[in-house]
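Input: a single structure, listed below in C-alpha cells.
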Amino acid sequence: MTALYPDTDLRYIDEIAATAGTPFYLYDAAVLRARLDALRTALPQVDFFYSLKSNPNLSVTRVLHSHGAGCEVSSLLELETSLQAGARPERILMVGPGKSEAELARAIELGIKAIVVESAHELTQINTLASARGCIQNIALRVNPDFHAGGAKLNMSGRPTQFGIDQAELSDVLAKAEVCSHLRVCGLHAYMGTRILTYETVVANVRNILSLAAEIIPTLTAPLDFVDVGGGFGIPYYDGEMELDLDALGQEVTPLVQAFGTVHPQTRVVIELGRYLSGPSGQFVTRVQQTKSSKGEHFAICDGGSNVHTAAAGQGFLRKNFPIRLLRDGQGEIKDDAAHPWTLTGPLCTPQDVIGKSVPMARPEVGDLISIGQSGAYGPTASPVGFLGFGAPAEVMIDGTALTLVRSRDTVDARLALQQPCDLRSTVSATLNPNPAVLADLYSSAPGNGLEGTPFTDPCLERLADLQSLFRETGASLDRDPESWTALWKNPTVRALTTIGVPEKFNGFPLRDSGLGISDCPYGLHVAMVERLARFDANCILSLPGPSLSGGAVLATGTDAQIARFFEGYRFGPQGTFFAVTEPNAGSDASNGRSTLGTKNGKLVLNGVKTLVGGIARADIGLFFAHIEETGRMGLVMIAPSDAPDCVKIERLGTNGLRGADLCQMTLTDFPVTTDMILGAGGRSLRDGFMAINGVFERNRPMVAAMALGSGRGLIELMLEDPARLPSYQDLLARHTALLVQLVKVIQAQESRRPKVQDISKIKMQAVSFVDQVVRRITDQDPMRFLQDAELRRRCRDVKAFEYMEGTSNIHLLNAYRAYTAGVDQ
C-alpha cells in the first residue's frame, strides 16, 4: 500500500460508485491481513485482539478473526457480530464502563474469555448473574493506574475517569472478588490512551503495566491467564505525522514480554487494537454534486459529509485535513489543471459540514469522486448518519479482484418502518410475555420490509395459527408411526388445505368450508401457506395425501378420462398419490433409468424399481416413469397398485429425517398396463408433454424453498421460547424476511408465466442454506438446549433432508451456473 491509501486499482472505485452509488466506504481485506501480519512479526509473543469499536462491520471482523485476531467487544451487537464472524467465546473479551444486564447475561451464557470489570458494583452484578446460571465466569480487572501516558493524543487512564478501578482501590476489589464464588479473576487490563505515534510511549506503557501486574500476581490465589496492556497504536492522519515505528517498538517491547513470561509462564500478554488494524484499510468515497465560489473561496459540495464521516470534519480530532485526493475517470492525477485550494463540504444545512479545508487540488467537476484515506476506523458507526435523514452509506470490501457489498445503504422505507406508531403498553406486554412468533414478528415484520401486499401478509395466514399444536404433536407421532397423518385429516381446515389443486368438480373438501375465509387459493398464497405451516412442522406437510406433483402432471398432460380417474377419489375422502422417478443406480435423472414399458405375451407390462418414493405405502394412485420400448422414448404411466397387488412390492425405507414423507422403494414385476394408462398417448407431442411436466416441477420447487424457510423460522421460534435469546437470532430473522422478498419475485414470475429456472434454483439453494445456518447457530450457541429438547433435535434433523426433494444434486448446481451466466455478457 502507499503511505495513506490502500493500493487499490482506481478503476474499481469507479465501478463501485456506478453500481453501489455514493457515498461509500471501501475496505481492503489484504491491508487488514497485512497490518495483523506486521504486528505478529514485530511482537511474536503477544496475543492480539481486534477492538470492534473502531469498525464493527461484520466482514471486517471476519477477515481479522479468520487471520488470527481475537475480538474485543463493547456492546451486545459487537458480541453477536464477533460470533457471526466465527469467533469462539474463548476468543472474546468484553469491555466498557456501563454494561447492561442483558449484555452481561449474554456474555455469561456464552462463557467468553473474560468480562473486563470496571467497578466494584459490576463485580457483584456479574457474580449474581453467574450464580443464577450456575456457572463460574472469568473476569479481568481494569486498572486505572497512578501513572499516565504522556505521548497519547487522548489519555484514558492515570487521571480521574469513568474507566476502570483506581489503583489505590484495587486491593479491596481483589479481596471482594475472592469471596465471589461464581467469579474467577483471570486477567488484568489497563488502557492508557489512544492515537499513540511514538514507540517510546508504547514501550513505557507496557513496562509500567507489566510491572504493576508483577506486583499484583503474588497476592492472588492463582496465576493470571493474561495481562492486557491495552494498545492505542495510532496512524498518521495529518501532514507531518509519521507512521508508528513498529520495528523499533518490537525491539524494545519483546524483551519486556519475554522477561515477564519467564517469571509468569502461565500468563499471556495481550494487546487490543482497533484503529491501527482497520484505519489504513479504508477509504471514504463521495461524489461532487456542485461547485461554486463564494467571496473568493472555492467550494465543492459532495453527497457525503460530516454526517457519514464525522472524523474528517474534525469531530473528536483536530480540524485538520485527512489525506484527500480527487479522482476522475479512474485516474488520481488530473493533468493540465493547476492545483488551487478547495473547501470540500457535504450536503448538510450546517457550516460545520466541512470534510476538507483549503485542500490543494485541480478544479473538481460535477461527477468527480473525492477519496479520503485512513478512513477504515471510526467511520459510519461513529458518525451522525441519521442527521437530516441521509442515512448510513454503503460499505464495500475488496479482496483481490473480488468486490463485495458488506453493508447496504440505508433505505427510506427501512428508516420509516422504525417510526411506525404502536401502542406502547401492548408492545411492552408482548415483549415481557411474548409468544415466540409474535416476538419474532416484532423484529422481522415491520412495515417497509418489502412484504406488504404480498401473499406472505395475507390475513388468512394468521388463521393457520390454530393448527400449530396439532402439527407439533402429529410431527412427533409421525416419527414413530407413519400412519399418524390421519390425525391431521380429521381437521376440516387441514382437509381443505390438502386438496388444494384438486379440480373443483372432484373436490369434496373445498376451501370455502375451511374456516380460513377464502374460497380459492392462488399459487402465491399456496406457497405462503406452505411456508407458514412449515414453521409448525414440515414433517406433517409431507405426510398429507394431496395430489402434489403427480396431480399437476396429470392436469398438464392427461386426457379428460385420465384426469377423472386420478382425481375421482377426492370426492369422498383422502387419496394418497405418488410420483415414481428416482432409481437406485440412476438417481432422479429419468433418462438414465432402467424401468421399462414393454410387451410380454402380446400385452403391455411395466417393470422396474423406484426408490425414495414418498407416501406410496398409503397411496391409491400415482405415476411411474419408464422407457417405452416400442418408441424408445420416456413415458409416464398412471397406475393403481391395488389393480395388480401381486405385481407390486413396496418396502418402507429407514430414513433419517422428514419421516412424514414415508419414503419407500417400489418394485414392479410385469405390472399389466393398457394404453389408456399412458399419459400423453392421446395426441399431445412428446416435447409438449415433457415441457408441461417440467413446468410442473418448476412450480413445485419454490414450495421446497418455502418449506425450508418456514422450517428455519420455526426453529428460531422454538429458541425464542426464551425471549433472552432474541439477540442471537435477529440477523437470521432479517435474512428470513429478505429471502421471502426474493421468493415473492419468483412467485410473481411464475404467475406471469415468465419463470426463470436459474432464479428458482437460486432461491431454493439460498433457502436450504438458510435453514442449515439456523441449525448451526442452535448447535454452536446453545448445545445444551439442543441435547435436552427432543422436538428441537428432531426438527433440526429433519431440515437436513430437504435435498432429497430436489432430486439429483446436479440439478440445482446446473441451475446455479445458469444463474451466474444469466448475469454475464455473452
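The values are calculated or read from the model by the stated rules, or taken from the named source; none is laboratory data. Keep in mind that what you see is a predicted model, and the values were worked out from it rather than measured. Backbone-built Cβ (ideal geometry, glycine too); neighbour counts: all protein chains shown. Heavy atoms of the whole protein, side chains included, go into the accessibility calculation; ligands, DNA and RNA do not. Shrake-Rupley method; radii C 1.70, N 1.55, O 1.52, S 1.80 Å.
Structure values in brief
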| quantity | calculated |
| --- | --- |
| Hits in region 773-823 - residues which are over 20 Å from the mean Cα position of the chain (by Cα), open to solvent by 70 Å² or more (accessible area, probe 1.4 Å) and at pLDDT 55 or above | MET784, LEU787, GLN788, ARG793 |
| Tally of residues being open to solvent by less than 50 Å² (accessible area, probe 1.4 Å) and within 25 Å of the chain's Cα centre (by Cα) across region 101-141 | 11 |
| Every pair of residues 6+ apart whose Cβ atoms lie under 6 Å, when the first sits in region 237-261 and is within 23 Å of SER375 (Cβ to Cβ) and in contact (Cβ under 8 Å) with a residue 40 or more places away in the chain while the second is of a type in the set (Lys, Arg) and loosely packed, with under 15 Cβ neighbours inside 10 Å | TYR238/LYS320 |
| Members of region 1-31 found to be among the aromatic types (Phe, Trp, Tyr) and over 13 Å from ALA394 (Cβ atoms), listed by number | TYR5, TYR12 |
| Hits in region 462-501 - residues which are outside any helix (DSSP H, G or I), more than 28 Å from ALA553 (Cα to Cα) and touching a residue at least 60 places away in the same chain (Cβ under 8 Å) | ASP479 |
| Pairs, first under 14 Å from ARG699 (Cβ atoms) in region 512-531, second aliphatic (A, V, I, L, M) and in a loop (DSSP other than H, G, I, E, B), C-beta under 8 Å, six or more apart | CYS521/ILE500; LEU525/ILE518; HIS526/ILE500 |
| Hits in region 539-556 - residues which are surrounded by 24 or more Cβ atoms within 10 Å (Cβ to Cβ) and more than 22 Å from PHE509 (Cβ to Cβ) | none |
| Residues that are assigned to a loop (DSSP other than H, G, I, E, B) and open to solvent by 20 Å² or more (accessible area, probe 1.4 Å), drawn from region 80-98 | GLY86, ARG88, PRO97, GLY98 |
| Number of the condition not met by HIS264 [criteria: (1) free of Cβ contacts under 8 Å to residues at least 60 places away in the same chain; (2) within 19 Å of TYR191 (Cα to Cα)] | (2) |
| Number of positions in region 703-741 that are among the β-branched types (Val, Ile, Thr) and open to solvent by less than 10 Å² (accessible area, probe 1.4 Å) | 2 |
| Subset tally (residues that are open to solvent by less than 70 Å² (accessible area, probe 1.4 Å) and either under 18 Å from ILE621 (Cβ atoms) or not charged (D, E, K, R) (or both)) for region 635-671 | 25 |
| Verdict on ASP560 being over 26 Å from LEU709 (Cα atoms), open to solvent by 10 Å² or more (accessible area, probe 1.4 Å) and acidic (Asp, Glu) | yes |
| Which listed residue is closer than 26 Å to ALA437 by Cα, of a type in the set (A, V, I, L, M, F, W, C) and modelled with pLDDT under 90, from LEU542, LEU549, LEU533, LEU488 | LEU542 |
| Cross-chain or 6+ apart pairs with Cβ under 8 Å, region 131-142 first and closer than 21 Å to VAL73 by Cβ, then of a type in the set (Phe, Trp, Tyr) | ALA140/PHE226; ARG142/PHE163; ARG142/TYR191 |
| Residue ID - most open to solvent (accessible area, probe 1.4 Å), chosen from residues in region 229-260 that are modelled with pLDDT of 95 or more and under 30 Å from ALA177 (Cα atoms) | GLN258 |
| Total residues in region 603-631, condition more than 43 Å from the chain's Cα centre (by Cα) and open to solvent by less than 60 Å² (accessible area, probe 1.4 Å) | 7 |
| Selection status of GLY593, over 20 Å from PRO641 (Cα atoms), surrounded by fewer than 19 Cβ atoms within 10 Å (Cβ to Cβ) and not charged (D, E, K, R) | no |
| Some residue of region 314-329 being over 28 Å from PHE233 (Cβ atoms), charged (D, E, K, R) and not in a strand (DSSP E or B) | yes |
| Filter result for the condition that a residue is of a type outside the set (A, V, I, L, M, F, W, C) and open to solvent by less than 50 Å² (accessible area, probe 1.4 Å), over PRO265, PRO341, PRO280 | PRO280 |
| Within region 555-602, tally of residues that are free of Cβ contacts under 8 Å to residues at least 60 places away in the same chain, within 39 Å of the chain's Cα centre (by Cα) and assigned to a helix (DSSP H, G or I) | 3 |
| Positions within region 1-31 being over 13 Å from GLY400 (Cβ atoms), under 27 Å from the mean Cα position of the chain (by Cα), touching a residue at least 12 places away in the same chain (Cβ under 8 Å) and not in a strand (DSSP E or B), in sequence order | ILE13, GLU15, ILE16, ALA17, ALA20, GLY21, THR22, PRO23 |
| Close pairs (7 angstrom Cβ cut-off, 6 or more residues apart or separate chains): farther than 23 Å from VAL799 by Cα and open to solvent by 10 Å² or more (accessible area, probe 1.4 Å) in region 746-764, modelled with pLDDT of 85 or more and among the aliphatic types (A, V, I, L, M) anywhere | PRO755/ALA749; LYS756/ALA749 |
| Residues of region 660-718 classified as at pLDDT 85 or above, under 29 Å from GLU483 (Cβ atoms) and among the polar types (S, T, N, Q), total | 4 |
| Selected residue (only one of SER375, SER383 is touching a Gly at 6+ places or on another chain (Cβ under 7 Å), in contact (Cβ under 8 Å) with a residue 60 or more places away in the chain and of a type in the set (Ser, Thr, Tyr)) | SER375 |
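Condition check ((1) in contact (Cβ under 8 Å) with a residue 40 or more places away in the chain; (2) within 16 Å of ALA140 (Cβ to Cβ); (3) among the charged types (D, E, K, R)) across all residues:
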site	(1), (2), (3)
ASN57	yes, no, no
HIS67	no, no, no
SER74	no, yes, no
GLN84	yes, no, no
ILE92	no, yes, no
SER100	no, no, no
ARG106	yes, no, yes
ALA114	yes, yes, no
